[in-house]
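The values are calculated or read from the model by the stated rules, or taken from the named source; none is laboratory data. What you are looking at is a predicted structure, and each value in this text was computed from that prediction instead of being measured. Cβ coordinates were reconstructed from backbone atoms using ideal geometry, including for glycine residues, and neighbour counts include every protein chain displayed.
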Amino acid sequence: MATTSSEVQPCRLCGRVTKRGTTEHHLIPRTLHSNKWFKKRFTREQMQTTISVCRDCHLAIHRFIPDEKELGRHFHSIDLLREHPELAKFIPWIRKQK
């Protein structure tokens with residue numbers, strides 16, 4: 001996980017603002033930035049794109065999609081993450097939590 005953001009901002013997945021703040025999630029995991037498959041398909045800017053997500057959503061992303069190649073290939077945008085079956089169930093649930 002990346003460092004906690006100092007600015008109070010809502011999670012890009014669930015929309016919550018938490019006391020613990022947000023973390024930066026790389027839409028394409030950093031470990032894949034030197035991989036030829038990813039270099040051919042994504043620009044450097046796309047590979048460095050991050051989104052601010054609450055810790056609960058960040059943990060859920062990596063729990064439900066533990067394979068970094070799968071995460072980078074199939075879930076490299078907010079919309080694609082929201083379409084993941086487990087995250088689609090998790091997001092409405094976590095929105096109701098404090």
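For T31, all conditions in the list (1) touching a residue at least 24 places away in the same chain (Cβ under 8 Å); (2) crowded, with 19+ Cβ neighbours inside 10 Å; (3) touching a helix residue (DSSP H, G or I) at 6+ places or on another chain (Cβ under 8 Å) hold save one; what is the number of the exception? Among (1) touching a residue at least 24 places away in the same chain (Cβ under 8 Å); (2) crowded, with 19+ Cβ neighbours inside 10 Å; (3) touching a helix residue (DSSP H, G or I) at 6+ places or on another chain (Cβ under 8 Å), the lone unmet condition for T31 is (2). Residue-level check: of (1) over 24 Å from K19 (Cβ atoms); (2) in contact with a strand residue (DSSP E or B) (Cβ under 9 Å, 6 or more places away or on another chain); (3) of a type in the set (S, T, N, Q), T50 misses just (1). The single condition from (1) part of a helix (DSSP H, G or I); (2) farther than 19 Å from Q9 by Cα; (3) free of Cβ contacts under 8 Å to residues at least 60 places away in the same chain that L87 fails is (3).
Among all positions in the range 44-55, there is at least one residue which is surrounded by fewer than 13 Cβ atoms within 10 Å (Cβ to Cβ) and out of contact with any helix residue (DSSP H, G or I) (no Cβ under 9 Å at 6 or more places or on another chain). The residues of the range 7-17 that are crowded, with 16+ Cβ neighbours inside 10 Å and either hydroxyl-bearing (S, T, Y) or closer than 18 Å to S77 by Cβ (or both), listed by number, are C11, R12, L13, C14.
Could you please let me know if R20 is in a helix (DSSP H, G or I) and basic (K, R)? So R20 fails the test. Count of the range 51-84 residues, restricted to those that are farther than 19 Å from E24 by Cβ and either modelled with pLDDT under 95 or in a helix (DSSP H, G or I) (or both), is 5.
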